[in-house]
Amino acid sequence: MQKHDDFNFVIFGATGDLTKRKLIPALYNLYKNKSLGENFIVTCIARKDFDNENYLEELKKFYKKNFKNLDEKIWNNLASHIYYFRSEFNDESRLYVLSNFLSNMEKKHGLKENRIYYFATMPENYQNLINFIRQYKLNNQKEGWKRIVIEKPFGSSLNTAKNLNKILKKAFDEKQIFRIDHYLGKETIENILVFRFTNTIFEPVWNRNYIDHIQITVAEDIDIQNRGSYYDKAGAVRDMMQNHLLQILNMVTMDCPGVFDAENMRREKTRLLEKIKVEDFAFGQYEGYRTEEKVNQNSNTETFAALKLFINNSRWKGVPFYIRTGKKLKKQMALVYIKFRDLRCIANQRLNMSSNELIIQIQPEHHIYIHFNIKKPGLTMEVGRVNMDFCYECIYGNTAESYEKLIVDMMEGNLTQFTSWEETKNAWKIVDPVIKKLQAVNNLEVYKSGSWGPATAEILINKYKRSWYYY
Ligand SMILES: NC(=O)c1ccc[n+]([C@@H]2O[C@H](COP(=O)([O-])OP(=O)(O)OC[C@H]3O[C@@H](n4cnc5c(N)ncnc54)[C@H](OP(=O)(O)O)[C@@H]3O)[C@@H](O)[C@H]2O)c1
């Protein structure tokens, strides 16, 4: 039986990269596996001069070329739920027409006015769109619920985030606002909580008494992919650290929420973020960045950032955390690396032993590895290092894409995997001073494409007698 109400998925920014590569494919998969049912429509809004037919044709052409297993019958059925509406986001008269279009289409399909407004467009459009929603009372919940989805980045500093939130709160209350960070929809990230809090063998050692340090790496081998005008204003700290890396850190370090629901999770995550103190940092820019399209030729924007930080609470006091992210690095890789302390009672230096390591690999594949010592079979006492490997795909096959899971949460009104205002605010409080420090750096260190980033990032960790984990 359908668990969710009927709905209208209203996408602002329907010709963009996110819609084409992530949102529509996620809707297609959900439709295919019958998670959407039939009582829904998708209203696609952008300024390109398409009519409904051309728009759907364009999408179909793209999917036929890029997705091997497109089932045309399923696509055609899904397409009968999709409507394109052309409008500039600041064209009042056209937006007025849109407000009627939405309810007419809902009536045509016999739907209530339950709507998910998804902002899949640049942040500079948000204010206009929220004003439009208020002006035509499209936030009114008399004829059906209204939810709004805001993509990252939510603001570009603490102040701009506060302003955006203020504008949003005039039209929606916190329970209607879905601040999306798609990393939170990844199976491996969600699993961190289950892994930590349901396994007796891990939770008791997940603290300063047993853990030496923790690393988080989100490395990309790609460049900025024609997103120069956005990226040059953002940089790695705003684009990745403020959201994805701090969210992963939170899942790895937060206290047990008791219940995996929005209220409890948000409370613990907010509490954790309040205790973070950044101690050291390293930044870099990849060679050739300044010649990328729509990038300032004197740009001092960082394409790589690494931070050393501490969490000042009883669980983590004194444990260093090293987090790093960058573009044009050696390979695509996202992982959490946990190095346990060396508490062995056998102090024989001739035995080649090292303390345990636990690696949660998020990309390119989903794995959890545990490295531990064993005695090598044989007549002498020799220690070997072995690896226990849990591979998600090997057991469960392909897991759902994060956008699929998060869209289901939006349909069901489940905010657990979305970021609250308090979390967002605290994340900016951590990142704002880092950005200030960064602005004081005159010439960023340039690193070679295909390397692991600037030498200062190695120094950042090596000077504390530790080193980055690579696999
Ligand atoms: N792309 C991703 O994988 C990704 C991942 C995570 C988060 N995000 C976030 O998602 C948002 C969208 O990213 P994107 O990569 O999809 O951007 P994009 O490719 O530049 O698409 C922007 C969309 O907004 C529309 N648009 C822009 N200004 C408009 C205006 N004044 N009036 C009407 N339509 C307008 C564009 O329509 P026209 O084409 O008709 O101009 C296009 O449909 C950004 O906030 C980004 O940070 C993206």
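Only one of the listed residues (I368, I374, I346) is at pLDDT 95 or above and either assigned by TED's automatic domain parsing to the domain that holds N426 or not in a loop (DSSP other than H, G, I, E, B) (or both). That residue is I368.
Could you identify the single residue in I430, I459 that is surrounded by fewer than 18 Cβ atoms within 10 Å (Cβ to Cβ) and not acidic (D, E)? Step through it out loud before you land on a result.
Working: I430 fails: surrounded by fewer than 18 Cβ atoms within 10 Å (Cβ to Cβ).
Matching residue, one of I430, I459: I459.
Yes or no: segment 321-339 includes at least one residue that is farther than 25 Å from I459 by Cβ and surrounded by 13 or more Cβ atoms within 10 Å (Cβ to Cβ). Break it down into steps so the answer makes sense when it comes.
If we filter segment 321-339 for residues that are farther than 25 Å from I459 by Cβ, which is where we start, we get none.
There is no residue in segment 321-339 that is farther than 25 Å from I459 by Cβ and surrounded by 13 or more Cβ atoms within 10 Å (Cβ to Cβ).
Among the residues of segment 90-122, which ones are among the aromatic types (F, W, Y) and more than 13 Å from the ligand (Cβ to nearest atom)? Lay out the reasoning, then the answer.
Initial filter on segment 90-122 (among the aromatic types (F, W, Y)): 96, 101, 117-119.
Hits for segment 90-122 are Y96, F101, Y117.
Candidates N159, N125, N163, N131: the one that is in a helix (DSSP H, G or I), within 12 Å of the ligand (Cβ to nearest atom) and not assigned by TED's automatic domain parsing to the domain that holds L246 is N125.
Taking helices (runs of 4 or more DSSP H) that do not extend beyond segment 173-273, which have at least 2 residues that are within 16 Å of the ligand (Cβ to nearest atom) and in contact (Cβ under 8 Å) with a residue 24 or more places away in the chain?
Passing ranges, in order: 228-236, 246-253.
So for segment 90-97 (the condition being assigned to a loop (DSSP other than H, G, I, E, B) and on the phi < 0 side of the Ramachandran plot), does at least one residue qualify? Looking for residues that are assigned to a loop (DSSP other than H, G, I, E, B) and on the phi < 0 side of the Ramachandran plot, one finds at least one in segment 90-97, hence yes.
Scanning segment 134-152 for residues that are surrounded by 17 or more Cβ atoms within 10 Å (Cβ to Cβ), away from the ligand (no atom under 16 Å from the Cβ) and free of Cβ contacts under 8 Å to residues at least 40 places away in the same chain yields L138, N139, K146.
Any residue that is in contact (Cβ under 8 Å) with a residue 12 or more places away in the chain, closer than 27 Å to K425 by Cα and surrounded by fewer than 22 Cβ atoms within 10 Å (Cβ to Cβ) - is there at least one of those in segment 298-305? Taking every residue of segment 298-305 in turn, at least one turns out to be in contact (Cβ under 8 Å) with a residue 12 or more places away in the chain, closer than 27 Å to K425 by Cα and surrounded by fewer than 22 Cβ atoms within 10 Å (Cβ to Cβ). When F119 is tested against (1) surrounded by 16 or more Cβ atoms within 10 Å (Cβ to Cβ); (2) without any contact (Cβ under 8 Å) to a residue 12 or more places away in the chain, exactly one condition is not met: (2). In segment 1-43, the residue that is surrounded by the most Cβ atoms within 10 Å (Cβ to Cβ) out of those that are of a type in the set (F, W, Y) and within 16 Å of the ligand (Cβ to nearest atom) is F12.
The values are calculated or read from the model by the stated rules, or taken from the named source; none is laboratory data. None of the values given here were measured: they were computed from a predicted structure. When we count neighbours, we look across all protein chains shown, and the Cβ atoms used for this are built from the backbone with ideal geometry, even at glycine.
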